[in-house]
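Beneath this line is the structure, given in structure tokens, with notes to follow.
The values are calculated or read from the model by the stated rules, or taken from the named source; none is laboratory data. Since the model is a prediction, treat every value here as computed from it, not as a measurement. So basically every Cβ, Gly included, is an ideal-geometry build from the backbone, and we count neighbours across all protein chains shown. Protein only, heavy atoms only, side chains kept; ligands, DNA and RNA dropped before computing areas. Shrake-Rupley method; radii C 1.70, N 1.55, O 1.52, S 1.80 Å.
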Amino acid sequence: MANENVEFQVYNSMTRQKEVFVPKEPGKVKMYVCGVTSYDYSHIGHARAYVAFDLLYRYLKYLGYEVVYVRNFTDVDDKIIRRANECGEDPTALSGRYCEEFLKDMDDLQCLRPTHQPRVTEHMEQIKEMIDKIITNGCAYAVNGDVFFSVDSFPEYGRLSGRKLEDNRAGERVEVDARKRNPADFALWKAAKPGEPSWESPWGLGRPGWHIECSAMSSHYLTHSFDIHGGGMDLTFPHHENEIAQSCAACPDSNISYWMHNGFVNIDDEKMSKSLGNFFTIREVTRLYHPLALRYFLLGNHYRSPVNYSISQIEIASDSVFKIYQTLYDAEEALSAFQQGTETATNVRGRLSPQAQECIKNLRNELRTKLSDDLHTPTILNAALQDALKVMNSCSTILRKKQKQQHPSAALAITELLREVKAVLDVLGLLAGSTYAEVLQQFKERALIRAELTEEDVLRAIEERALARKNKDFARGDQIRTALALKGISLMDIVGTTETVWRPARPEQEQPAAPAQPNQSAAALQQEQPAAPSQQMPPTANPQQEQPAAQL
């Protein structure tokens, strides 16, 4: 493996600095990530968190670690009960249904399933046992069926968030309750209310508070001492702060080496919020854009940085992933055709060109170097990977042309580059389980949805344009091409033939001038020409500009 001496560093929210990652047990990693409260479809903020920690999971496995990854479901909570009452549905049934919907979204985003996915309702005994230990150790107290954690019993409270106890005012994040010894005390167990789900306990019928569940389940699966605890920055206080306090109260030896937090998601430079009307679920986005486009967009930003989601940005990401898959498809097609035309179909021979060797070296080095620097993904997507795709395009073109003396070297370069590029995409979670052709078709289907067209509509338009050009009605032909381009459908005239194909593209901005040649990525598209306006039309220097697609 390239750059094996590069040390993996992660940013530790507890120490507020990057640190070399050293697991508690050599060769093994234990990791816990806070999961969703399952009462609705998950939003792109959830996508941001779980793509980030899926990348961490994948990279740890790539480095050779044996990883136990735990991500929980909160399936009993005030929000769940409230939503169930609104829908007239059983809370357990409602939360169970949305747990399954969440898993579908994660599968679409190529997030690997964690080792364990515990649910609160299935771990009541562990939760009650931990609460009992905290009370026994003098760090919690029961009042009329409720149990509260005493923050005064934990002098280090606030060390993760940097907040001082006196800064926590009653009513901010912590429910005001006159029965509390300190207004900042938080609930470990809540006494049952009429009509709510409840369980028997030493303190009466009730259910867990929010924070205790993660402490109980993480210690159950990973013990009180493990390597990584992750979640969104919004969980730093009070959730993770409270986890630390109650875990240490239950077991003084409780210790987590690295706390990791991902950044927020903004929508068009504004905080994502239902009240602002800019709140998008994962399902809403992936209906219009391929899930790989959303993942690519998220990976295009460092996981700790704030992400600004916009239609223009997801359009760019969608176009980039389409080009990657078109390149992979073209390379395999060209290689397959070459092998079928040779006697050594299964044995590609030749000398790997210096250019291909350099691409492979850079791909390996960049993957290891950048991801080992606290999972820095943006550079990987925009440098060595793009160089490798360009070389693959060139080699695919060589195989399709009559440059036989270069065929063996080009075929070997494609074979080796395909292996390396797929390895990089796999670590990044951008390698789909479907065939390249299937993925490309999925991109086209979503482009048609965005354009509010069917494929039959596009094919009819292509036929109409061909007839117009045949009849020298170039103005009409240009009008058809432009109308489709405005909707994100790009027509490509294949050189040397009368065939025209289409592909998704970033929508052009409406303007009378003809667009400049777009930068093609896929090898097949290199042999194609964008459906150009008639040469009788005046030339223009104005480049293509994007037109944001209709809002979700």
Practice problem: Please work out the FRET efficiency for the pair VAL176 and LEU103, using the Cβ-Cβ distance as r and a Förster radius of 35 Å; give the result to the nearest 0.05. | Solution: 0.40
Quiz item: Which whole number of Å³ per residue matches the convex hull of the alpha-carbon atoms in region 6-107?
Solution: 127 Å³
Quiz item: Which angle between 0 and 90 degrees, to the nearest 10, do you get for helix 384-400 versus the longest principal axis of the chain when only C-alpha atoms count?
Solution: 30 degrees
Quiz item: Which of ASN382, THR327, THR397 sits farthest toward the positive end of the charge dipole of region 326-435, with +1 on the Cβ of Lys and Arg and -1 on the Cβ of Asp and Glu?
Solution: THR397
Quiz item: Rg and Dmax of the chain, using alpha carbons, in Å: what are they?
Solution: 27.9, 90
Quiz item: Share of antiparallel DSSP beta bridges in the chain, in percent to the nearest 5?
Solution: 55 percent
Self-check item: Average projected area [Cα convex hull, region 452-504], square nanometres
Solution: 3.5 nm²
Exercise. Measure nothing fancy, just the Cα-based angle from helix 436-451's long axis to the longest principal axis of the chain, in degrees from 0 to 90, nearest 10.
Key: 80 degrees
Practice problem: Go from 0 up to the bin containing the longest alpha carbon distance in region 47-121, width 10 Å each, and give me the % of pairs per bin. | Solution: 17, 42, 28, 11, 2
Exercise. Could you run the Karplus curve 6.51 cos²θ - 1.76 cosθ + 1.60 with θ = phi - 60° over region 229-234 and give me ³J(HN,Hα) per residue in whole Hz, x for Gly and Pro?
Key: 10, x, x, x, 4, 5
Quiz item: Kirkwood hydrodynamic radius of region 201-244 from all distinct Cα pairs, in Å?
Solution: 11.8 Å
Exercise. Project the alpha carbons of region 363-471 onto their principal axes and report the range along each, largest first, in whole Å.
Key: 56, 41, 23
Self-check item: Nearest 10 degrees, 0 to 90: helix 44-62 Cα axis against the chain principal axis
Solution: 80 degrees
Practice problem: Using the charge dipole of the chain (Lys, Arg: +1 at Cβ; Asp, Glu: -1 at Cβ; taken about the Cα centre), state which of ASN182, PHE148, LEU294 has its Cα farthest towards the positive end. | Solution: LEU294
Practice problem: Calculate the tail of P(r) for region 124-163: the fraction of all Cα-Cα distances greater than 11 Å, expressed in %. | Solution: 68 percent
Self-check item: Overall dimensions of region 176-321 as given by Cα atoms, namely Rg and Dmax in Å
Solution: 20.1, 58
Quiz item: One-quarter of the Cα convex hull surface for region 411-461, in nm²?
Solution: 5.2 nm²
Quiz item: Ignoring ligands, DNA and RNA, what percent of the 1.4 Å accessible area of the chain is carbon and sulfur?
Solution: 47 percent
Quiz item: Heavy-atom accessible area of PHE264 with all protein chains present, probe 1.4 Å, nearest 10 Å²?
Solution: 110 Å²
Exercise. Please compute the net charge surrounding THR498, taking Lys and Arg as +1 and Asp and Glu as -1 over other residues with Cβ under 10 Å from its Cβ.
Key: 0
Exercise. Run the 1.4 Å probe and let me know the accessible area of ARG159, rounded to the nearest 10 Å².
Key: 90 Å²
Quiz prompt | Set of lysines with alpha-carbon distance to LYS390 below 22 Å, sequence-local pairs under 8 removed | solution = LYS323, LYS361, LYS370, LYS401, LYS402, LYS404, LYS422
Self-check item: region 414-512: radius of gyration over Cα atoms, expressed as a fraction of 2.2 N^0.38 Å
Solution: 1.34
Practice problem: Add +1 for every Lys or Arg and -1 for every Asp or Glu among the other residues with Cβ under 13 Å from the Cβ of GLN126, and state the total. | Solution: -2
